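S.K.: Below is the structure I would like to discuss, written out as structure tokens.
The values are calculated or read from the model by the stated rules, or taken from the named source; none is laboratory data. Here the structure is a predicted model, which means the values were calculated and not measured. Every residue, glycine among them, receives a Cβ derived from its backbone with ideal geometry; neighbour counts consider all protein chains shown. Accessible surface is based on the protein model in full, side chains and every heavy atom, while ligands, DNA and RNA are left aside. Shrake-Rupley method; radii C 1.70, N 1.55, O 1.52, S 1.80 Å.
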Amino acid sequence: MSETINLTLKIWRQKGPDDRGGFETHKARDISTDMSFLEMLDVVNEQLTLEGKEPIAFDHDCREGICGMCGLVVNGHAHGPERETTLCQLHMRHFKDGNTLVIEPWRARPFKTIKDLVVDRSAFDEIIQAGGYISVSTGGAPEANTMPVPLEDAELAMDAAACIGCGACVAACPNASAMLFVGAKISHLTLLPQGKPEAAKRALSMLKKMDDLGFGNCGNETECEAVCPKNISITNIARFNREFLKASFFSPEK
Amino acid sequence: MPLNSGVPGGSLETKWDRHRFELKLVNPANKRKFEIIVVGTGLAGASASATLAELGYNVKTFCIQDSPRRAHSIAAQGGINAAKNYPGDGDSIWRLFYDTIKGGDFRSREANVYRLAQISDHIIDQCVAQGVPFAREYGGLLANRSFGGAQVSRTFYARGQTGQQLLLGAYSALMRQIAVGQVRMFPRREMLDLVMVEGNARGIVVRNLITGELESHAAHAVILATGGYGNAYFLSTNGMSSNVSAIWRAYKKGALFAHPSFVQIHPTCIPVHGTYQSKLTLMSESLRNDGRVWIPKSAGDQRLPDQIPESDRDYYLERIYPSFGNLVPRDVASRKAKELCDQGMGVGPTGYAVYLDFRDAIERDGEQVIRQKYGNLFQMYERIMAQNPYETPMMIYPAVHYVMGGLWVDYNLMSTIPGLFVLGEANFSDHGSNRLGASALMQGLADGYFIIPYTLGGYFAGTSLPDVSEGHPAFRESVKQVNETLKKMLAIDGKRTVDDFHKELGTLLWEHCGMARNDADMLKALKRIPELREEFWENVTVPGTPDQFNQSIERAVRVADFLEFSELLVEDALTREESCGCHFNVDYQTEDQEAQRDDESCCYVAAWAFDGEGKKPIRHEEPLVFENVELTERSYK
Ligand SMILES: Cc1cc2nc3c(=O)[nH]c(=O)nc-3n(C[C@H](O)[C@H](O)[C@H](O)COP(=O)(O)OP(=O)(O)OC[C@H]3O[C@@H](n4cnc5c(N)ncnc54)[C@H](O)[C@@H]3O)c2cc1C
Ligand code: FES
């Protein structure tokens, strides 16, 4: 049953990319434990607005764990303490009355802060532009059932394709590596027969782009997998590495 | 104004082919001379942007979110229809057409709906080629499931994340075109005005949501694919940024708005449980394949659901509608749940919920099979409700979900403003007064991949357009006006927050123009909405400044537009003197309490024209002519 709790929030405030920023303390009072984390922030923001202060900026849209727009670090955990959960799906029943929560934006070199808890993740789009697609133009597709796909491959591809591009993996990685994000996309596409023709080129150019954008190398820390709200497995990184090696040794693309 | 739908002649089956042949073509070398603006990157906008760019046009694409991949299409769960007839259970293009037009309670155009059914198969081909990981059978071929309003299995799906996978497909095609420079992408932009030159749509003004700057963008044509306006009701299954603003601003520039009151209320959502709630969560309709809807036979039965024996349960959908059972269309299922809860028969802490029970399906197929089909939905339910649906039935209640209404478009998907095209949920075209499950994704992709690439070419080839750049006075004028409105809003410095107004508006619409409507309530709403709007402009508080990242301004702009638009929504409902599909006016019902259409006098599209601030909008009618299907009472018994 629902009850209410009171919390102390230490929240990162930063006016813009050039501001140094710092923590600000706010009280969140009478928070129903049925609320989501973002609804708790809504309550604080309504209060700030009524006091004539600027509300805390944070990104969000679908509020059902699928758009990948939300994401903050709560007490050192990307998306908060629950596994396999986006912040918008994290409910306040997982916190206790009197808790202090430290709330920060994703911190990673390639993700610049825009304001308060909002960061720029356009680097992810740039990585996809480097080859995260199958080159088919509209109209030329063969009949959908001409190429059967083994059920197991289709399921593994779907597991990888479930990535929501939130950036928690990068935020959690000590090296700010985007290997889980890239590995998931490479796996999704190369597991399917439709994605095989471009596999080598894709692996090489996505990796290069990732390096160019300032993402770090994978140091096998596995922090990324631990925070991923969609449970994307690090076996996708291994698959990516295999694709990359194959491409580097055997492909004319290199 | 005579509304010319421009439906081509010939038999239903040949219309689209013939039209494509008759449309003039743009020479490939000339395509690069045209600039096209696409607002929106959901299924409709992303697929249109990518395909037009592939053809050689220069495309500028805009969205509110930080990445085009986050458009609300991402949240669609259940599936997409197509007439492939893979299961061999009797499906055909004709049947998909018929089910869709009947499901819409005969308030859409035959020719549009038929074209949609024809295109449906190509969509699946296209998506598979892009790498959309649809569900498959053991043999490796594509799997199907059933959805409401149909007796065949024609829905393709990717677990409970079909929208996500289809959108990522369209997004990847878009990314490929950005990489080659054929599309320029402008994320974190919100369209605040449509710019017209000599009567044609020639550009837009957007607010850069990071810097607050108002930017002008000129083009030869503007495509709006800005999604639905269900958020007028405050609580809905839509994303937080879903809005009416883009199409509302176009309406105020002369585009007609069709069927604003046709709002779909989805039967299977997680019930409202607190006043702090910011949105409602859908539980996909696909669950009705295996879940059985029931309530206790006696009101106020306090026993836990698993302690209520079979004999004390009322599986009311199966009882009232034996041939469709739990798979009746959405409007029917929603209305029944509301009726019963209003009579005090509901369950849960608020009494506004019914059970959706998987016990029998789990007994029949095993938990593993159910987990494979619906695992992520069950998990989402458990997260929100803190109850395990494998062990205890879900509680569900209807919620605002989708809008059939939108800008009026002709067969070419062009609005009444030349050069302004409208795709996806933002137009009114294919779903009549009730959309069947799994057909919005189909329509968005049909519009974007397969219709607009032809019809836009036809427009360019047949129209001579002068050069217009961002320096044109029409842009300056528009920027000035938008700026003044924003300033005015910020200067009010009142006592109520934007959300507070939005909640009041939402409750008003839900209670006075929701699932069951009556004239007295609608008249009350028509009186209250202008008062609330006036109060907004006197007493709202919007902190911060306009020249920076400011989410309060974003919300205030959207709510100000909802406060204007809602009046049109109610006006439309009040003037439709019949019940049809989602629009159920209690004065027009059959003996069995089903919607009573009036085909004699209401078989038309109601399309509204803006006639100036403070003036009543003008209603136009496009008669709907049915040559291929017989208008029958929609029976699912
Ligand atoms: C929870 C949920 C589940 C659903 N499940 C299904 C299903 O299983 N099957 C099915 O067929 N349908 C389903 N639907 C319906 C379907 O998802 C939508 O109707 C469809 O995806 C809408 O696509 P769209 O491209 O028209 O708009 P959207 O995907 O909503 O995209 C709108 C785009 O416009 C942009 N935009 C909006 N306003 C502005 C503005 N003012 N300025 C700039 N940009 C703007 C947004 O940023 C976004 O990019 C579901 C809907 C919901 C909410
Ligand atoms: S808001 Fe969409 S994933 Fe959290």
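S.K.: Quick one: which helices (runs of 4 or more DSSP H) sit completely within the stretch B:15-76 and have at least 3 residues that are within 14 Å of ligand 1 (Cβ to nearest atom)? Let's see the steps before the verdict.
M.R.: Values: elements: B:15-22, B:28-31, B:43-54.
Qualifying helices (runs of 4 or more DSSP H): B:43-54.
S.K.: How many of the residues making up the stretch B:19-40 are touching a His at 6+ places or on another chain (Cβ under 9 Å) and surrounded by 14 or more Cβ atoms within 10 Å (Cβ to Cβ)?
M.R.: Step one: filter the stretch B:19-40 for residues touching a His at 6+ places or on another chain (Cβ under 9 Å), giving B:33-37.
Cutting the leftovers down to surrounded by 14 or more Cβ atoms within 10 Å (Cβ to Cβ) gives us B:34-37.
The number of residues fulfilling the criteria is 4.
S.K.: Then there's this: As an exercise: evaluate B:Ala179 against (1) touching a helix residue (DSSP H, G or I) at 6+ places or on another chain (Cβ under 7 Å); (2) aliphatic (A, V, I, L, M); (3) modelled with pLDDT of 95 or more; (4) under 24 Å from B:Gly78 (Cα atoms) and give the number of the one condition it does not meet.
M.R.: (4)
S.K.: Something else: Within the stretch B:148-156, does at least one residue satisfy the condition of being surrounded by fewer than 24 Cβ atoms within 10 Å (Cβ to Cβ) and outside any loop (DSSP other than H, G, I, E, B)?
M.R.: Looking through the stretch B:148-156, at least one residue is surrounded by fewer than 24 Cβ atoms within 10 Å (Cβ to Cβ) and outside any loop (DSSP other than H, G, I, E, B).
S.K.: If the requirement is being open to solvent by less than 10 Å² (accessible area, probe 1.4 Å), in contact with a Ser or Thr (Cβ under 7 Å, 6 or more places away or on another chain) and small (Gly, Ala, Ser), which of these qualifies: B:Gly419, B:Gly405, B:Gly437, B:Gly457?
M.R.: Numbers: B:Gly419 fails: in contact with a Ser or Thr (Cβ under 7 Å, 6 or more places away or on another chain); B:Gly437 fails: in contact with a Ser or Thr (Cβ under 7 Å, 6 or more places away or on another chain); B:Gly457 fails: in contact with a Ser or Thr (Cβ under 7 Å, 6 or more places away or on another chain).
Among B:Gly419, B:Gly405, B:Gly437, B:Gly457, only B:Gly405 is open to solvent by less than 10 Å² (accessible area, probe 1.4 Å), in contact with a Ser or Thr (Cβ under 7 Å, 6 or more places away or on another chain) and small (Gly, Ala, Ser).
S.K.: With the structure loaded, tell me whether B:Ala474 is open to solvent by 10 Å² or more (accessible area, probe 1.4 Å), touching a strand residue (DSSP E or B) at 6+ places or on another chain (Cβ under 9 Å), more than 15 Å from ligand 1 (Cβ to nearest atom) and within 14 Å of chain A (Cβ to nearest Cβ) or whether it fails that test. Give the steps one after another, and end with the answer.
M.R.: On the way: open to solvent by 10 Å² or more (accessible area, probe 1.4 Å): yes; touching a strand residue (DSSP E or B) at 6+ places or on another chain (Cβ under 9 Å): yes; more than 15 Å from ligand 1 (Cβ to nearest atom): yes; within 14 Å of chain A (Cβ to nearest Cβ): no.
No.
S.K.: Test A:Ala141 against the stated conditions and say whether it is over 17 Å from the mean Cα position of the chain (by Cα), facing another protein chain (nearest Cβ under 9 Å) and not in a loop (DSSP other than H, G, I, E, B). It would help to see each step written out before you state the result.
M.R.: Details: over 17 Å from the mean Cα position of the chain (by Cα): yes; facing another protein chain (nearest Cβ under 9 Å): yes; not in a loop (DSSP other than H, G, I, E, B): no.
Taking the combined requirement at face value, the residue does not satisfy it.
S.K.: Return the pairs, sorted by first residue and then second, in which the second residue is part of a helix (DSSP H, G or I) and more than 7 Å from ligand 1 (Cβ to nearest atom), the first residue lies in the stretch B:228-241 and is assigned by TED's automatic domain parsing to the domain that holds B:Ala556 and under 18 Å from A:Cys88 (Cβ atoms), the beta carbons are less than 8 Å apart, and the residues are 6+ apart or on different chains.
M.R.: As it stands, the answer is none, since no pair meets every condition given.
S.K.: Is it the case, given these coordinates, that A:Ser135 is modelled with pLDDT of 95 or more, of a type in the set (S, T, N, Q), open to solvent by 10 Å² or more (accessible area, probe 1.4 Å) and within 15 Å of the chain's Cα centre (by Cα)? Let's see the steps before the verdict.
M.R.: Details: modelled with pLDDT of 95 or more: yes; of a type in the set (S, T, N, Q): yes; open to solvent by 10 Å² or more (accessible area, probe 1.4 Å): yes; within 15 Å of the chain's Cα centre (by Cα): no.
So A:Ser135 fails the test.
S.K.: Quick one: B:Ile101 ticks every box in (1) among the β-branched types (Val, Ile, Thr); (2) touching a Gly at 6+ places or on another chain (Cβ under 8 Å); (3) within 11 Å of another protein chain (Cβ to nearest Cβ) except a single one, so which number is it?
M.R.: Only one criterion is unmet by B:Ile101, namely (3).
S.K.: Could you please let me know if B:Tyr251 is open to solvent by 10 Å² or more (accessible area, probe 1.4 Å) and not in a strand (DSSP E or B)?
M.R.: Numbers: open to solvent by 10 Å² or more (accessible area, probe 1.4 Å): no; not in a strand (DSSP E or B): yes.
When the stated conditions are applied, B:Tyr251 does not pass them.
S.K.: Please enumerate the residues belonging to the stretch B:117-146 that are open to solvent by 10 Å² or more (accessible area, probe 1.4 Å) and away from chain A (no Cβ under 11 Å).
M.R.: Listed by number, the residues that qualify are B:Gln118, B:Asn144, B:Arg145, B:Ser146.
S.K.: Report yes if B:Thr268 is within 16 Å of ligand 1 (Cβ to nearest atom), over 30 Å from B:Leu413 (Cα atoms) and surrounded by 24 or more Cβ atoms within 10 Å (Cβ to Cβ), otherwise no.
M.R.: Values: within 16 Å of ligand 1 (Cβ to nearest atom): yes; over 30 Å from B:Leu413 (Cα atoms): yes; surrounded by 24 or more Cβ atoms within 10 Å (Cβ to Cβ): yes.
Against the criterion (within 16 Å of ligand 1 (Cβ to nearest atom), over 30 Å from B:Leu413 (Cα atoms) and surrounded by 24 or more Cβ atoms within 10 Å (Cβ to Cβ)), B:Thr268 qualifies.
S.K.: Are there any pairs, at least 6 apart or on different chains, whose C-beta atoms fall under 6 Å, with the first in the stretch A:13-25 and within 14 Å of chain B (Cβ to nearest Cβ) and the second part of a loop (DSSP other than H, G, I, E, B) and of a type in the set (S, T, N, Q), and if so, which?
M.R.: Every condition considered, the pairs that remain are A:Gly21/A:Gln14.
S.K.: Now, a different point. Taking the stretch A:211-242 only, how many residues are open to solvent by less than 30 Å² (accessible area, probe 1.4 Å) and within 22 Å of B:Gly131 (Cα to Cα)? Step through it out loud before you land on a result.
M.R.: Residues of the stretch A:211-242 that are open to solvent by less than 30 Å² (accessible area, probe 1.4 Å), as a first pass: A:214-216, A:224, A:227-229, A:232, A:236-237, A:240.
Remaining after also requiring within 22 Å of B:Gly131 (Cα to Cα): A:232, A:236-237, A:240.
Total meeting the criteria: 4.
S.K.: Failed condition for B:Ile223, given (1) within 12 Å of ligand 1 (Cβ to nearest atom); (2) in the same structural domain as B:Gln379 (by TED's automatic domain parsing), with all others met?
M.R.: (2)
S.K.: May I ask you to list the residues in the stretch A:66-92 that are among the small types (Gly, Ala, Ser), near ligand 2 (Cβ under 9 Å from one of its atoms) and either facing chain B (nearest Cβ under 7 Å) or part of a strand (DSSP E or B) (or both)? I'd like the intermediate steps shown before the answer.
M.R.: Let us first name the residues in the stretch A:66-92 that are among the small types (Gly, Ala, Ser), namely A:68, A:71, A:76, A:78, A:80.
Those still in the list that are near ligand 2 (Cβ under 9 Å from one of its atoms) too: A:68, A:71.
Correct list: A:Gly68 only.
S.K.: A further question on this structure: Hand me the list of helices (runs of 4 or more DSSP H) wholly inside the stretch B:471-552 holding 2 or more residues that are within 30 Å of B:Gly199 (Cα to Cα) and in the same structural domain as B:Cys580 (by TED's automatic domain parsing). It would help to see each step written out before you state the result.
M.R.: Working: elements: B:473-491, B:498-512, B:519-539.
Answer list for the stretch B:471-552: B:473-491.
S.K.: Across the stretch B:162-188, what is the number of residues that are among the hydroxyl-bearing types (Ser, Thr, Tyr) and at the interface with chain A (Cβ under 9 Å from one of its Cβ atoms)? Break it down into steps so the answer makes sense when it comes.
M.R.: Our first condition is that a residue be among the hydroxyl-bearing types (Ser, Thr, Tyr); within the stretch B:162-188, this holds for B:162, B:171-172.
Remaining after also requiring at the interface with chain A (Cβ under 9 Å from one of its Cβ atoms): B:171-172.
Selection size over the stretch B:162-188: 2.
S.K.: Give me a count of the residues in the stretch B:67-110 that are within 16 Å of ligand 2 (Cβ to nearest atom), in contact with a helix residue (DSSP H, G or I) (Cβ under 7 Å, 6 or more places away or on another chain) and of a type outside the set (A, V, I, L, M, F, W, C). Show your work before the answer.
M.R.: Keep residues of the stretch B:67-110 that are within 16 Å of ligand 2 (Cβ to nearest atom), which gives B:67-77.
Then drop every residue that is not in contact with a helix residue (DSSP H, G or I) (Cβ under 7 Å, 6 or more places away or on another chain), which leaves B:67-69, B:71, B:73-77.
With the extra rule that they be of a type outside the set (A, V, I, L, M, F, W, C), the set shrinks to B:67-69, B:73, B:77.
Result for the stretch B:67-110: 5.
S.K.: Exactly one of these conditions fails for B:Asn483: (1) at pLDDT 95 or above; (2) away from ligand 1 (no atom under 16 Å from the Cβ); (3) within 30 Å of B:Leu235 (Cβ to Cβ). Give me its number.
M.R.: (3)
S.K.: Any chance you could count how many residues in the stretch B:373-394 are touching a residue at least 12 places away in the same chain (Cβ under 8 Å) and closer than 22 Å to B:Phe147 by Cβ?
M.R.: Selection size over the stretch B:373-394: 11.
S.K.: Here's a check for you: in the stretch A:29-62, which residue that is in a strand (DSSP E or B) and over 27 Å from A:Gly167 (Cα atoms) is farthest from the other protein chains (Cβ to nearest Cβ)?
M.R.: Keep residues of the stretch A:29-62 that are in a strand (DSSP E or B), which gives A:29-32, A:36.
Subsequent filtering for residues that are over 27 Å from A:Gly167 (Cα atoms) retains A:29-32.
Working: A:Arg29: 12, A:Asp30: 10, A:Ile31: 9, A:Ser32: 6 Å.
Of everything passing the filter in the stretch A:29-62, A:Arg29 is farthest from the other protein chains (Cβ to nearest Cβ).
S.K.: Would you say A:Gly98 is touching a residue at least 24 places away in the same chain (Cβ under 8 Å) and either open to solvent by 30 Å² or more (accessible area, probe 1.4 Å) or part of a loop (DSSP other than H, G, I, E, B) (or both)? Give the derivation first.
M.R.: Numbers: touching a residue at least 24 places away in the same chain (Cβ under 8 Å): yes; either open to solvent by 30 Å² or more (accessible area, probe 1.4 Å) or part of a loop (DSSP other than H, G, I, E, B) (or both): yes.
When the stated conditions are applied, A:Gly98 passes them.
S.K.: Got a number for residues in the stretch A:155-206 being open to solvent by 20 Å² or more (accessible area, probe 1.4 Å), part of a loop (DSSP other than H, G, I, E, B) and closer than 20 Å to A:Leu87 by Cβ?
M.R.: Count: 2.
S.K.: Something else about it: How many of the residues in the stretch B:227-265 are within 13 Å of ligand 1 (Cβ to nearest atom), among the polar types (S, T, N, Q) and more than 14 Å from chain A (Cβ to nearest Cβ)?
M.R.: Qualifying residue count for the region: 2.
S.K.: Here is a follow-up. On the given criteria, is A:Glu126 closer than 30 Å to A:Arg83 by Cα, at pLDDT below 95 and of a type in the set (Asp, Glu)?
M.R.: So A:Glu126 fails the test.
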